[in-house]
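Since the structure comes first, as structure tokens, the remarks are kept for the end.
The values are calculated or read from the model by the stated rules, or taken from the named source; none is laboratory data. No experiment lies behind these values; they were computed from the predicted model shown. So basically every Cβ, Gly included, is an ideal-geometry build from the backbone, and we count neighbours across all protein chains shown.
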Amino acid sequence: MPGTEPLDLQSIVDDIHHELAPRLGEGKVADYIPQLARVDPTRFGMAVVTVDGSVYRAGDAEIPFSIQSISKVFTLTLALGKHGENIWKRVGREPSGSAFNSIVQLEQEHGIPRNPFINAGAIAITDLVLAGHTPREAIGEIVRFVRYLADDEDILIDHEVARSEAATGYRNFALANFMRSFGKLDHPVEHVLGVYFHQCALAMSCVQLAKAGLFLAASGSNPLTQHSVVSRQRARRINALMLTCGHYDGSGDFAYRVGLPGKSGVGGGILVAAPGKASVAVWSPGLNHNGNSLLGSLALEMLASRTGWSVFGG
Ligand code: GLN
């Protein structure tokens, strides 16, 4: 149980890494593209960046990996900046209870995806980010935004991953075509998905990710750079969406076990905000049946229980 004494976060992350070491490799690595399939399944990284600017690392915390759907948090933030609350005409704010790439609800709900964090919703958000831009400009805007958030010019897109995503993204093309048929995308499907596949292909380390997400833990401003990113209200609302929708049909379980707003990606990463405390990123490529990092979720469950950071009370 967390006590009143200051937390020794370095010991906590080291202990979590140590305790999970015998289990590294558990779960199923995403294999829909070769670049993800060949990632070493025993990789494990964790980074905690506190709101007072201290950084704690364990394992492979400095090795970049494919952030995949974690990018949906950054494009949602950009789209809100560009269009404000108007984005909710295109996408809902309810958990889907379905797989991340499910198409069934889209027809019933006339091309309005349930939330910005399932694929259909993220594609609708990317369409909004594209407004007034060519696809190349929109990709540039997303990369610049993420570099600004993390205060790190070394963040890159893995173009090989982006090409593979495009070559195999039949399901995403189906989702986008469906939305376009309902008049819910403003741009050609090829343009929207071109941008979407590049945002998914951003490669970032746990440290870079935790820094990029710090504004969500710190009421909208990045205490490392003093950049004001979003209002306090907007940070709170993005966190609410991450808590309810950030893990697809595993969102309820993640809230139950970890109790923190988080967003996962099929590359095995999870970004979490502990409001008022810290931003946390974890990476372990093996996934559970919902497509969320198996040991990453477990590491965050251990962290939340040892720090008392759950938003539902320590
Ligand atoms: N690129 C993946 C896709 O669109 C991202 C999915 C994910 O990370 N859950 O299918």
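A few comments on the model shown:
- Hits in region 135-180 (condition: among the aliphatic types (A, V, I, L, M), over 17 Å from Ile125 (Cβ atoms), more than 14 Å from the ligand (Cβ to nearest atom) and in a helix (DSSP H, G or I)): Ala150
- Taking each residue of region 1-27 that is farther than 19 Å from Ala281 by Cα and of a type outside the set (D, E, K, R) and looking for partners that are outside any helix (DSSP H, G or I) and at pLDDT below 95 with beta-carbon atoms closer than 6 Å, six or more apart or interchain, yields Pro2/Gly314.
- Some residue of region 37-52 being assigned to a helix (DSSP H, G or I), at pLDDT 95 or above and over 21 Å from Met179 (Cα atoms): yes
- Against the test of being surrounded by fewer than 16 Cβ atoms within 10 Å (Cβ to Cβ) and more than 16 Å from the chain's Cα centre (by Cα), the options Gly97, Gly59, Gly27, Gly92 yield a single qualifying residue, Gly97.
- Some residue of region 219-239 being over 28 Å from Gln105 (Cβ atoms) and buried (at least 24 other Cβ atoms within 10 Å of the Cβ): yes
- Any hit, region 60-80, residues being among the small types (Gly, Ala, Ser) and in a loop (DSSP other than H, G, I, E, B): yes
- Residue in region 79-91 that is β-branched (Val, Ile, Thr), touching a helix residue (DSSP H, G or I) at 6+ places or on another chain (Cβ under 8 Å) and within 16 Å of the ligand (Cβ to nearest atom) present: yes
- Residue, farthest from the ligand (Cβ to nearest atom), within region 181-206, restricted to residues that are more than 20 Å from the chain's Cα centre (by Cα) and assigned to a helix (DSSP H, G or I): Ser181
- The listed residue being touching a helix residue (DSSP H, G or I) at 6+ places or on another chain (Cβ under 7 Å), within 14 Å of the ligand (Cβ to nearest atom) and either at pLDDT 95 or above or outside any loop (DSSP other than H, G, I, E, B) (or both), out of Gly250, Gly259, Gly267: Gly267
- Selection status of Ser279, in contact with a strand residue (DSSP E or B) (Cβ under 9 Å, 6 or more places away or on another chain), touching a residue at least 12 places away in the same chain (Cβ under 8 Å) and away from the ligand (no atom under 15 Å from the Cβ): yes
- In this entry, Leu209 is excluded by the filter for residues that are under 20 Å from Ala47 (Cβ atoms), within 14 Å of the ligand (Cβ to nearest atom) and assigned to a strand (DSSP E or B).
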